[in-house]
Amino acid sequence: DMLLGYSTALIDESIMISSNSVLQDGEIAVMDQFSTQNRFHGVTVGVLSQRRFDCLTFEMLGKLSFGGARQTAVVAGTINGEEGGLLARPGNSGEFKQNVFVVAPEVGLNMIYHPTPCLDITCGYSLLYWSSAAQATNLIDPLLRVNPNDPPDADVFPQPGFEFRDSEYILHG
C-alpha cells in the first residue's frame, strides 16, 4: 500500500536545575530552567507491506516526512528570586524562536500472531529520525561560564549569549 498525507508532531523537552544552600550569612536559592518545543508540520509519503503466513503476519512500514518545524526555546534563571541564575545568565535568557526545514524518515517492523480469529498479539519496533531538533541540553553554555561575581574577560570569553544549536533526534520504540 502507498501512503500520502499530512503529518504533525510535537517534541517538548525541559530541564530544571535548582539548589538551596545554607551558609553562615544566609541562604542561597538558585534555579535555572531550559525548555524547548519543536512543532512539526509536513507532508508524508510512504509504503506499507504485509505478508501473511498461516497464523503470522509480518508488516513493514517506511515513511518519509518533510516540512517545517517551529522551534521555541525558553531560558530563565534566578538567584534568591532575582533575575539571572547560575547557567541562565541575562545574556542568554529569554524566549527565542526560529523556523527550520526538517526531514523525518520512519521505519516500522511488526510481527503479528493470530492465535484465534478474535485475538492478535503484536510485537514490533519503530525508529523515527528528525534531521533538526532544538533540545534543552543544547541551550546550556558549553563553556560553563557560571561565576556571576567574577565574569571572564569579554575579549577572551564573551558572556554567554543565546544560540540555537540544533541536533539530530532519534526515537526508538
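The values are calculated or read from the model by the stated rules, or taken from the named source; none is laboratory data. Being a predicted model, the structure only gives us computed values, none of them experimental. Here the Cβ positions follow ideal geometry from the backbone for every residue, glycine too, while neighbour counts run over all protein chains shown. Heavy atoms of the whole protein, side chains included, go into the accessibility calculation; ligands, DNA and RNA do not. Shrake-Rupley method; radii C 1.70, N 1.55, O 1.52, S 1.80 Å.
Given in Å, the Rg to one decimal and the Dmax to the nearest whole number for the Cα atoms of segment 43-92 are 24.4, 68. In square angstrom, rounded to the nearest 10, how much accessible surface does LYS63 have for a 1.4 Å probe? Solvent-accessible area, nearest 10 Å²: 60 Å².
3J(HN,Hα) along segment 57-73: 10, 10, 10, 10, 10, x, 9, 10, 10, 8, x, x, 10, 8, 9, 10, 10 Hz, from the Karplus curve 6.51 cos²θ - 1.76 cosθ + 1.60 with θ = phi - 60°, whole Hz, x for Gly and Pro.
Ranked by the mean number of other Cβ atoms within 10 Å of their residues, highest first, the peptides 70-77, 17-24 fall in the order 70-77, 17-24.
The tail of the calculated P(r) for the chain, taken as Cα-Cα distances beyond 24 Å, holds 55 percent of the pairs.
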